[in-house]
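Visitor: Let me give you the structure first, and then I'll get to my questions.
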Amino acid sequence: MLKKNDVLQVTVEDINHLGMGVAKRDGAVIFVRGGVTGDVLNIKIIKVAKDYLVAIISDIITPSPYRAEPECPAFKRCGGCVYSHISFDYENILKRQRVENEFRRFGMTDIEVLPTIYANERAYRNKLQCPVAENGEMGFYAQKSHDIIPLSGCSLQEELTAPIFEFLSGYFKAHPIPSIKHVYLRCGKATGEVMVCFVCKNKSFKEESSLAGEIVERFKNVKSVILNHNPKDTNVILGDKCRVIHGSESITDILCGLKFVISPLAFYQVNHDCTELLYSAAAKAANIQPSETVCDLFCGIGTVGLCINAMTPAKKLIGVEIIPEAIENARQNAALNGVDNAEFYCSAAEDFRFERPDVLIVDPPRKGLAPKLIEYIGSLLPERIVYISCSPDTLARDCDMLMKYGYTFKDVQPVNMFPRTAHVESVVCLTRK
């Protein structure tokens, strides 16, 4: 029986969505940190649990053909990327397999999972949330902890925000501001506009005006400096209230040819170029006709519905979102782009009651659709449901439930919206039989 501190040789047979290699010995499953499918390794057991073991690599005897050298020096410690030690091509294969495995788990063996599509590998994140310690250290959380790894940048962040990140990292190290818990940077890739948001325990800090002034003096593309008040000690980063310190209360970006106003609390996809691929795939699958009504649940600032409506115009577009600031942005965005067939309502998706649409678009958070909402959709029976998901397990679960109401679909399109991380986006179009 294997025990802690045992050293042994294994061949890695697989890699999971946490970036850990999977090996087997004497009927036991061993998760190997940093292991890659095909590696032959000497490993050391560091944890023994009831159903599995965890090991670290002592020596790489034969490296996997999928293995790659991580570009980031913090890869082994940071909790952000999990796939920097494998080739990008293999990452896309793994993400397709992950989506396929979830659908197979629910018995959907006849569904085709298409090859993963993607737009980029690095420098794609238009939104960055970085913890700041009371001593001014700024960086990213280590894996499975709240320990901060001090860094002056991230290879996944948009180049627009990189110099601002570096400046703030140096500033806080020299001038700690204990009230600041996080720095939140957001940018519009197409417009070049940047928002800097300080998440604070208090409603203000004495250096806020001078710091904001220095930021906008150094970085002309910063259009908005915001203070977000969050006194709670939880894993939720942003509080409910924002106050403008300098400039505008929002920034703008251009997506799929449309201009969008983005406020600090509103949802906006983090990967601009890949979002355009995703929405194009969703529009193609939806095949909306000019006589049809479309309802867009979890609409955020209106990006999904307005972009698809621009590609395949509908008779009427209805958007629903629970965040009031996002609905305000959505209405602004419709007017900004001359869209006169759209209406937006502030409500939880599961509580909103609407007439039967021809096409229903849903883009829920990771937890998926509430059973109450699925039941209501099943009572309305729209002709087509376009489901955009960031969680393959809840997507497969919800599709399985929707099929009980007479829906069918033939394929799933994985989209690598979050390269080098464990996450994958997918889009499905369900049609009534």
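The values are calculated or read from the model by the stated rules, or taken from the named source; none is laboratory data. Owing to the predicted nature of the structure, the values given are computational and were not obtained by experimental measurement. Backbone-built Cβ (ideal geometry, glycine too); neighbour counts: all protein chains shown. Ligands, DNA and RNA are excluded from the accessible area calculation, which covers all protein heavy atoms including side chains. Shrake-Rupley method; radii C 1.70, N 1.55, O 1.52, S 1.80 Å.
Visitor: Being crowded, with 20+ Cβ neighbours inside 10 Å, in contact with a helix residue (DSSP H, G or I) (Cβ under 9 Å, 6 or more places away or on another chain) and of a type in the set (Asp, Glu) narrows it down to one residue among 102, 121, 91; which is it? Reasoning before the result, please.
Guide: On the way: 121 fails: crowded, with 20+ Cβ neighbours inside 10 Å; 91 fails: in contact with a helix residue (DSSP H, G or I) (Cβ under 9 Å, 6 or more places away or on another chain).
Only one candidate passes the filter, namely 102.
Visitor: Follow-up question, since we're still on this one. Filter region 1-40 down to residues that are of a type in the set (A, V, I, L, M) and within 25 Å of the chain's Cα centre (by Cα) and give me whichever is surrounded by the fewest Cβ atoms within 10 Å (Cβ to Cβ).
Guide: Restricting to residues being of a type in the set (A, V, I, L, M) and within 25 Å of the chain's Cα centre (by Cα), the top hit is 18.
Visitor: Still on this structure: Looking at region 95-124 only, could you name the residues that are within 15 Å of the chain's Cα centre (by Cα) and at positive phi?
Guide: 123
Visitor: Moving to a separate point now. Among the residues of region 423-433, how many are open to solvent by less than 10 Å² (accessible area, probe 1.4 Å) and within 11 Å of the chain's Cα centre (by Cα)?
Guide: 2
Visitor: Moving on to the next point. Quick check: anything in region 46-59 surrounded by 14 or more Cβ atoms within 10 Å (Cβ to Cβ), in contact with a helix residue (DSSP H, G or I) (Cβ under 9 Å, 6 or more places away or on another chain) and within 26 Å of residue 145 (Cβ to Cβ)?
Guide: No, because not a single residue in region 46-59 is surrounded by 14 or more Cβ atoms within 10 Å (Cβ to Cβ), in contact with a helix residue (DSSP H, G or I) (Cβ under 9 Å, 6 or more places away or on another chain) and within 26 Å of residue 145 (Cβ to Cβ).
Visitor: Restricting the first residue to region 334-351 and requiring it to be in contact (Cβ under 8 Å) with a residue 60 or more places away in the chain, which pairs with a second residue that is open to solvent by less than 30 Å² (accessible area, probe 1.4 Å) and not in a loop (DSSP other than H, G, I, E, B) meet a Cβ separation below 9 Å and a spacing of at least six or different chains?
Guide: Close Cβ pairs satisfying both conditions: 336/252; 336/258; 336/260; 336/261; 337/258; 337/260; 337/306.
Visitor: Using beta carbons and a limit of 7 Å, which pairs, at least six apart or on different chains, have the first residue in region 295-316 and polar (S, T, N, Q) and the second one part of a helix (DSSP H, G or I)?
Guide: Filtered contacts from region 295-316: 312/283; 312/286.
Visitor: In region 169-180, which residue that is free of Cβ contacts under 8 Å to residues at least 40 places away in the same chain and assigned to a helix (DSSP H, G or I) is surrounded by the most Cβ atoms within 10 Å (Cβ to Cβ)?
Guide: Initially, region 169-180 is screened for residues free of Cβ contacts under 8 Å to residues at least 40 places away in the same chain, giving 169-170, 173-175, 179.
Within this subset, residues satisfying the condition of being assigned to a helix (DSSP H, G or I) are 169-170, 173-174.
Working: 169: 21, 170: 13, 173: 16, 174: 8.
Looking at residues that are free of Cβ contacts under 8 Å to residues at least 40 places away in the same chain and assigned to a helix (DSSP H, G or I), I get 169.
Visitor: Continuing with the same structure: Are there strands (runs of 3 or more DSSP E) fully within region 17-70 with at least 3 residues that are within 14 Å of residue 4 (Cα to Cα) and modelled with pLDDT of 95 or more? List them.
Guide: Numbers: elements: 20-25, 28-33, 40-48, 53-62.
Ranges flagged: 28-33, 40-48, 53-62.
Visitor: A further question follows. Condition test on residue 424, is it under 30 Å from residue 74 (Cα atoms) and either out of contact with any Gly (no Cβ under 8 Å at 6 or more places or on another chain) or of a type in the set (Lys, Arg) (or both)?
Guide: On the way: under 30 Å from residue 74 (Cα atoms): yes; either out of contact with any Gly (no Cβ under 8 Å at 6 or more places or on another chain) or of a type in the set (Lys, Arg) (or both): yes.
Taking the combined requirement at face value, the residue satisfies it.
Visitor: Here's a follow-up. If you scan region 270-309, which residues turn out to be among the β-branched types (Val, Ile, Thr), open to solvent by 10 Å² or more (accessible area, probe 1.4 Å) and under 25 Å from residue 410 (Cβ atoms)? Reasoning before the result, please.
Guide: Keep residues of region 270-309 that are among the β-branched types (Val, Ile, Thr), which gives 270, 275, 288, 293-294, 301, 303-304, 308.
Still in the running and open to solvent by 10 Å² or more (accessible area, probe 1.4 Å): 270, 288, 293.
Hits for region 270-309 are 288, 293.
Visitor: Right, here's the next one. Just wondering, is there one or more residues in region 181-199 that are under 26 Å from residue 77 (Cβ atoms) and either of a type in the set (D, E, K, R) or open to solvent by 30 Å² or more (accessible area, probe 1.4 Å) (or both)?
Guide: Looking through region 181-199, at least one residue is under 26 Å from residue 77 (Cβ atoms) and either of a type in the set (D, E, K, R) or open to solvent by 30 Å² or more (accessible area, probe 1.4 Å) (or both).
Visitor: So, one more: Which of the residues spanning region 202-212 are part of a helix (DSSP H, G or I) and open to solvent by less than 30 Å² (accessible area, probe 1.4 Å)?
Guide: Of everything in region 202-212, those that are part of a helix (DSSP H, G or I) and open to solvent by less than 30 Å² (accessible area, probe 1.4 Å) turn out to be 208, 211, 212.
Visitor: Quick check on region 234-251. Is at least one of its residues surrounded by 23 or more Cβ atoms within 10 Å (Cβ to Cβ), in contact with a Ser or Thr (Cβ under 9 Å, 6 or more places away or on another chain) and not basic (Lys, Arg)?
Guide: yes
Visitor: Quick one: which of 291, 224, 280 is small (Gly, Ala, Ser), assigned to a strand (DSSP E or B) and at pLDDT 95 or above?
Guide: Answer to the check: 224.
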